[in-house]
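Since the structure comes first, as structure tokens, the remarks are kept for the end.
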Amino acid sequence: MFENTRKDELFMRRLMTSERIKQLLEMLYFYDEETYEHSIRVAYIAMHMYDAAVDEGYFDVKKTNKKYVVAAALLHDIGKMFVPHSILHKKSGLTEEEFRVIQQHPKLGADMARIYLIPEVICEMIENHHKKMDGSGYPYNGNFPSEGALLVSAADIFSAITEKRSYKDREDVKTGIDIIYSEIEEGHIPEAYGEFLESIIDNLMAVS
């Protein structure tokens with residue numbers, strides 16, 4: 001999937017096999033393998049974006065911890081275990097009622113993570129990965145997303161665009177980056193995140 005270093009693979013393996021994260025990922029895999037594979041892909045994108053951000057001095061690593069960001073990326077869609085397959089894989093457009101069901105998955109996922117005693121900093125990123133910089137988006141909780149949640153959001157958007165799903169074909173990397181920049185122009189995610197995504201273009205080409 002990515003041209004990862006041995007250090008990258010070791011970091012991801014340790015995270016994925018930590019007891020509570022492993023339990024949640026196993027449940028997600030058995031509920032919906034496509035969503036599980038998407039989550040792994042988002043985690044790798046988020047990991048490489050985070051490293052690029054740190055290289056540029058963008059993150060305070062004490063405030064925005066790599067392990068927490070990548071863990072949130074791994075678990076960002078666990079709330080979709082509460083969404084019926086008929087909605088997850090629907091080939092036609094969703095009705096308003098079905099979309100409202102989809103909109104519940106970040107909060108449901110965060111609450112599930114809390115039950116498993118996942119650190120709150122990770123739960124916040126799970127809950128807010130569909131929020132915009134100005135606090136809009138969903139869930140409607142009145143909160144502004146953290147830098148980590150916005151990074152997971154950018155990785156999630158890019159991954160969703162450039163991967164094949166049961167209901168759509170995948171777009172190429174260029175299209176994915178163009179859409180990220182349109183999100184930036186709308187003020188939804190920080191401008192720097194587009195630059196970090198472009199800086200890992202060689203890895204992204206491997207999944208186009």
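Please go through segment 97-133 and pick out each residue that is charged (D, E, K, R), assigned to a helix (DSSP H, G or I) and out of contact with any Ser or Thr (no Cβ under 7 Å at 6 or more places or on another chain).
Residues of segment 97-133 that are charged (D, E, K, R), as a first pass: 97-98, 100, 107, 111, 114, 120, 124, 127, 131-132.
The next check asks that each one be assigned to a helix (DSSP H, G or I); those that pass are 97-98, 100, 107, 111, 114, 120, 124, 127.
Of everything in segment 97-133, those that are charged (D, E, K, R), assigned to a helix (DSSP H, G or I) and out of contact with any Ser or Thr (no Cβ under 7 Å at 6 or more places or on another chain) turn out to be E97, E98, R100, K107, D111, R114, E120, E127.
Here's the yes/no breakdown for (1) in contact (Cβ under 8 Å) with a residue 60 or more places away in the chain; (2) crowded, with 21+ Cβ neighbours inside 10 Å; (3) not basic (K, R):
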site: M125; (1), (2), (3): no, yes, yes
site: N143; (1), (2), (3): no, no, yes
site: R165; (1), (2), (3): yes, no, no
site: E198; (1), (2), (3): no, no, yes
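Which condition number does T64 fail, the rest of (1) assigned to a loop (DSSP other than H, G, I, E, B); (2) more than 18 Å from the chain's Cα centre (by Cα) being met?
Every condition holds for T64 apart from (2).
Any residue in segment 67-85 that is surrounded by 24 or more Cβ atoms within 10 Å (Cβ to Cβ) sitting within a Cβ distance under 8 Å of a residue that is in a helix (DSSP H, G or I) and among the aromatic types (F, W, Y)? List the pairs, counting only those 6 or more apart or interchain.
Correct list of pairs: V69/Y50; V70/F11; V70/Y50; K80/Y31.
Given (1) at pLDDT 90 or above; (2) closer than 18 Å to A43 by Cα; (3) crowded, with 19+ Cβ neighbours inside 10 Å; (4) not charged (D, E, K, R), where does H188 come up short, assuming only one miss?
All conditions pass for H188, except number (2).
Being of a type outside the set (G, A, S), touching a residue at least 12 places away in the same chain (Cβ under 8 Å) and loosely packed, with under 15 Cβ neighbours inside 10 Å is true for just one of L88, L117. Which residue is that?
On the way: L88 fails: loosely packed, with under 15 Cβ neighbours inside 10 Å.
After ruling out the rest, the residue left standing is L117.
The values are calculated or read from the model by the stated rules, or taken from the named source; none is laboratory data. Please read these numbers as outputs of a predicted model, since none were measured by experiment. Positions of Cβ are backbone-derived with ideal geometry, glycine not excepted, and every protein chain shown enters the neighbour counts.
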